[in-house]
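Accompanying notes for the structure given below.
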Amino acid sequence: MSLETTVPAAPSQQPPKLPPLKALVSRLAGNPLGGVIAALVIIFGASCALSPHFLTTFNMMIIARALAFIGLVTIGQSVLMILGELDLSVGAIGGLAGVVGGILMVQLGLNPWLSLVLCLLMGAGCGLLNGALITQLRLHSLVLTIGMAGVYGGANLVATKGVAITGVPRDITFLGRGLVMGVPVPFVVLLVCLAIVAFVMLRTPVGRYIYAIGSNPDAARMLGIRVNAIRMGAFALAGFLSALAGILMVARLGTAQPSIGDTWVLGPIAAAVIGGVATTGGIGSPIGAVLGAVIIGIIEDIIVLFGISPYWQSVVSGGIVVLAISFDALARRYLNRDAV
Amino acid sequence: MKTAFAFAAMLTAAPFLAPLAAGQAQAADTGAPLRFVLIPKTVHPWFDKANNGAQAAAAMITQTTGRKVEIEYRAPQTADVSSQNDIIERAIATHPDGLILDLLDEKGNRATMDEAVDEKIPMTVFDSLPPEGMDITAVGADFCEQGTMAAERLANLVGRKGEVAIMMGVPTAPNHTLRAECEKKVFAKYPDMKVVATGVDNDSIETAQKQASAIMQAHPDLVGWVECDASGPVGVGQAIRESGKTGKVKEVGLDNLNDMIQLIKEGVAESSASSRPEMQGYWAVVSAWQRAMGQKTPKYIDTGIDLLTAKSL
C-alpha cells in the first residue's frame with residue numbers, strides 16, 4: 001500500500017460537512033420538489049401539534065382514502081399540464097364511468113369485473129375523443145373540454161334521470177371499502193398508478209417527449225416526435241384514470257351517484273400547481289402533483305377537525321394554499337440565489 | 001427525486017405506524033360537556049335555520065340540566081355525497097357524543113355511517129331517512145306531503161285549469177325529485193291542468209330566476225308555479241315580479257327563507273309550504289342528547305309542515 005493512498009485528502013478538497021438539519025435543508029433546496037415537501041412537512045407538523053385527533057390511524061385512513069380519488073384524477077391532469085394542455089371534463093368522465101358501471105352491473109346484470117374493465121375502456125375512449133378533437137380540429141383544450149364536460153355530464157343525467165343507481169354487487173365494493181394490510185385499497189391503487197406514470201414520465205423516452213412537447217411543441221415536432229399521438233395518448237390516460245376514480249367511488253359508496261366527479265375539476269389543477277407543475281407546460285412531475293393533493297387533503301381534514309365555520313372554510317383553505325405556493329416560490333428563489 | 005420518493009414512502013407508512021388512537025373518553029358519563037356534530041347537506045340558509053334550532057335546544061338542555069351541550073356545525077361546501085362522507089368521517093375522527101346528519105343519500109352514506117356504528121357514536125338524522133336496518137331516529141317532515149300541499153294549493157288558486165310549471169331543485173337530490181313527483185301527481189289528477197315546463201335550478205336563486213324568466217317567455221299562458229327546493233321559489237318570485245306578472249302568475253313556494261317570506265308579504269307569492277327547519281334542528285338535538293344518555297328514542301319524529309300565507313305572517 002503506497003503512502004499516497006493512505007494520506008487523507010486535504011481539507012480544502014472536501015465539501016464542508018453541514019449539520020444534519022442544514023444538510024436536509026440543502027438537499028431539499030436542491031430538489032425540484034423541495035418547496036412542496038417543506039410546505040407539506042410544516043402543514044403536517046402543525047396539524048399534529050394543534051389537533052389531538054389528527055395523527056390517529058383512523059384519521060390517516062380517512063385522508064388516504066379521500067386522497068386516492070382526487071389523486072388519480074390529479075395524476076392524469078398533471079401529465080396533461082406538463083404537455084401544456086388541460087382537461088376540464090375529467091370529473092364528468094369519472095361521473096359518467098361510475099353511472100355506466102352501475103347500469104352495467106345492476107340494471108344489465110353484467111359481471112362486475114367485466115363492467116369495471118368496460119368502464120375503464122369507456123373512460124379512456126372519452127379521453128381519446130377529447131384528444132382527437134383537440135389535435136385534429138386544432139381546438140384549444142380548455143374550450144373543447146368545457147363543452148365535452150357538458151356532453152358527458154348531460155349523458156350522465158340522461159342515463160340516470162338524476163337518480164342514484166343502488167344495489168352495486170358486493171364483489172366490487174371491496175375496491176372502495178377494503179383494506180390491504182391496513183391500507184385502504186383505493187390508496188394502494190393510487191400508489192400503483194403513480195409509480196407507473198412517474199416511471200414512464202421520468203425514466204422512458206415517452207416521458208421525455210412529453211416534457212419536450214410541453215416546453216416547445218414546434219421544436220418537438222421538428223425533432224420527429226409524434227406530437228399529436230402523444231397528446232391523444234395523454235388525454236386517453238387522463239380519461240382512464242378519471243374513470244378508475246369514478247368506479248372506485250361507486251365501489252366506495254355502494255351506489256352509482258350522478259354527482260360523482262362534480263368536485264374533481266379544479267382540485268386536481270390546484271394540486272398540480274401547488275406541486276410545482278407549470279400551467280405553461282414542460283415543468284413538474286406527477287409525484288409533485290400528488291404531494292400537492294396531499295396538502296389540499298390535509299387542509300380539508302384539519303378544517304373539519306378544528307371545527308372551522310363553513311362560511312370561513314374557503315377563506316382558510318384558500319389562504320393556506322396561497323401560503324403553500326408562496327413557500328414553494330420562496331424556496332425556488334432561495335435555490336436560484338444560491339446557484340448564482 | 002430520491003428524496004421525493006423517500007418522503008412519499010415515509011408519508012405513506014407514517015400514518016399506519018402511528019400509535020392507535022388513544023381511547024377517546026366519551027363524555028356521556030363524566031359530566032364533561034356533551035359535543036354533537038351537526039352535518040347538513042351543504043352550506044345553505046335553510047340549514048342555518050336548522051342550526052339555529054339546534055343551538056336553541058343545546059342552550060335549553062344546558063340551562064335545564066346544568067351540563068354544557070355544544071353543537072359543532074360542519075357543512076360540506078357542495079351537495080355531494082362523497083364530500084359529505086368525508087366530513088362525516090372527519091367528524092367521527094374527533095369522537096363526538098353524537099352525530100346529527102341530514103343525509104344526501106342514505107345508501108351512498110351507508111358505508112360511512114357503518115364506521116360511526118363501529119366507533120360506537122350514536123346518530124340522529126333530520127330532513128332525511130336513515131339507511132334500512134339502522135336503529136336511528138329520523139326527525140323531519142314528509143317531502144311528498146309538502147309537495148302535494150303546495151301543488152293542491154296552486155291548483156285551487158288557478159281554478160284547477162291552465163298551464164303550470166315546476167322548478168326542480170337539484171335533480172340528484174332525492175327529496176327534491178320526490179317533491180316534484182308528488183306535485184306532478186296532483187296536477188295529473190286535474191284534466192284541465194297541464195305541466196308545460198320543468199326547470200332545473202340546482203338550488204341556486206340566480207339560476208331559478210333565469211330559468212323562470214325564459215319559461216314564462218316561452219309559455220305566455222302560464223298561470224302558476226310550484227318548486228322543489230328552498231332557492232327555487234325565491235328565484236321564480238323575482239322573475240314573476242320582474243316580468244310584471246305579479247297576480248297573473250300565481251306562486252306557491254316552499255320553506256321559510258327570509259326572501260320567501262318577503263315575497264309573500266309583497267303579494268308576489270301567495271303562500272309557502274314550510275317544513276320548519278328550526279324545529280327539525282331542535283328535536284334532532286333533543287333526540288341525540290337522549291341517545292347520548294343511553295335512552296331509547298322514537299323511530300320517527302314528525303315536525304309537520306306550515307302553510308305560510310300573508311295572513312299567518
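The values are calculated or read from the model by the stated rules, or taken from the named source; none is laboratory data. A quick note: this is a predicted structure, and the numbers were derived from the prediction, not measured. When we count neighbours, we look across all protein chains shown, and the Cβ atoms used for this are built from the backbone with ideal geometry, even at glycine.
Assorted remarks:
- Selection of region B:132-145 for residues being farther than 20 Å from B:HIS95 by Cα and either at the interface with another protein chain (Cβ under 10 Å from one of its Cβ atoms) or surrounded by 20 or more Cβ atoms within 10 Å (Cβ to Cβ) (or both) yields B:ALA138, B:VAL139, B:GLY140, B:ALA141, B:PHE143.
- Filter result for B:GLU251 (crowded, with 24+ Cβ neighbours inside 10 Å and farther than 24 Å from B:PRO40 by Cβ): yes
- Residue that is farthest from the other protein chains (Cβ to nearest Cβ) [pool: residues in region A:277-293 that are of a type outside the set (S, T, N, Q) and surrounded by fewer than 24 Cβ atoms within 10 Å (Cβ to Cβ)]: A:GLY281
- Test: residue in region B:239-253 that is within 30 Å of B:MET134 (Cβ to Cβ) and either in contact (Cβ under 8 Å) with a residue 12 or more places away in the chain or not in a loop (DSSP other than H, G, I, E, B) (or both): no
- The number of residues in region B:77-101 that are under 17 Å from B:ARG291 (Cβ atoms) and either more than 13 Å from chain A (Cβ to nearest Cβ) or of a type in the set (Gly, Ala, Ser) (or both) comes to 5.
- Qualifying residue in region A:325-332 (condition: within 30 Å of A:ARG208 (Cα to Cα) and within 14 Å of chain B (Cβ to nearest Cβ)): yes
- Residue match in region A:84-93 (condition: within 19 Å of the chain's Cα centre (by Cα), within 14 Å of chain B (Cβ to nearest Cβ) and either surrounded by 24 or more Cβ atoms within 10 Å (Cβ to Cβ) or modelled with pLDDT of 95 or more (or both)): yes
- Residues satisfying the stated conditions in region A:116-136, i.e. among the aliphatic types (A, V, I, L, M) and either under 24 Å from A:MET81 (Cβ atoms) or not in a helix (DSSP H, G or I) (or both): A:LEU120, A:MET122, A:ALA124, A:LEU128, A:LEU129, A:ALA132, A:LEU133, A:ILE134
- Enumerated helices (runs of 4 or more DSSP H) restricted to region A:28-115, each holding at least 1 residues that are over 30 Å from A:ILE134 (Cα atoms): A:34-50, A:57-83
Okay, residues lined up against (1) among the β-branched types (Val, Ile, Thr); (2) at pLDDT below 90:
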residue: B:THR30; (1), (2): yes, yes
residue: B:PRO40; (1), (2): no, no
residue: B:ALA59; (1), (2): no, no
residue: B:ILE71; (1), (2): yes, no
residue: B:ILE88; (1), (2): yes, no
residue: B:ASP105; (1), (2): no, yes
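Residue by residue, here is whether (1) surrounded by 24 or more Cβ atoms within 10 Å (Cβ to Cβ); (2) within 13 Å of chain B (Cβ to nearest Cβ); (3) β-branched (Val, Ile, Thr) holds:
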{"site": "A:VAL192", "(1), (2), (3)": "no, yes, yes"}
{"site": "A:ILE196", "(1), (2), (3)": "no, no, yes"}
{"site": "A:PHE199", "(1), (2), (3)": "no, yes, no"}
{"site": "A:ARG203", "(1), (2), (3)": "no, yes, no"}
{"site": "A:ALA245", "(1), (2), (3)": "yes, yes, no"}
{"site": "A:ARG252", "(1), (2), (3)": "yes, yes, no"}
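- Index of the failed condition, A:VAL273 passing every other in (1) more than 30 Å from B:ASP114 (Cα to Cα); (2) assigned to a loop (DSSP other than H, G, I, E, B): (2)
- Filter result for A:ILE269 (over 17 Å from A:VAL100 (Cβ atoms), modelled with pLDDT of 95 or more and out of contact with any Leu (no Cβ under 6 Å at 6 or more places or on another chain)): no
Residues checked against (1) without any contact (Cβ under 8 Å) to a residue 12 or more places away in the chain; (2) crowded, with 22+ Cβ neighbours inside 10 Å; (3) in the same structural domain as B:ILE71 (by TED's automatic domain parsing):
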{"position": "B:ASP259", "(1), (2), (3)": "no, no, no"}
{"position": "B:GLN262", "(1), (2), (3)": "yes, no, no"}
{"position": "B:GLY267", "(1), (2), (3)": "no, no, no"}
{"position": "B:SER287", "(1), (2), (3)": "no, yes, yes"}
{"position": "B:GLN295", "(1), (2), (3)": "yes, no, yes"}
{"position": "B:PRO298", "(1), (2), (3)": "no, no, yes"}
{"position": "B:ALA310", "(1), (2), (3)": "no, no, no"}
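- Any hit, region B:103-120, residues being buried (at least 20 other Cβ atoms within 10 Å of the Cβ), within 27 Å of B:GLY31 (Cβ to Cβ), hydrophobic (A, V, I, L, M, F, W, C) and away from chain A (no Cβ under 14 Å): no
- Answer residue from region A:137-186, given it is over 25 Å from the mean Cα position of the chain (by Cα), in contact (Cβ under 8 Å) with a residue 60 or more places away in the chain and assigned to a helix (DSSP H, G or I) and is farthest from B:ARG179 (Cα to Cα) among those: A:ALA159
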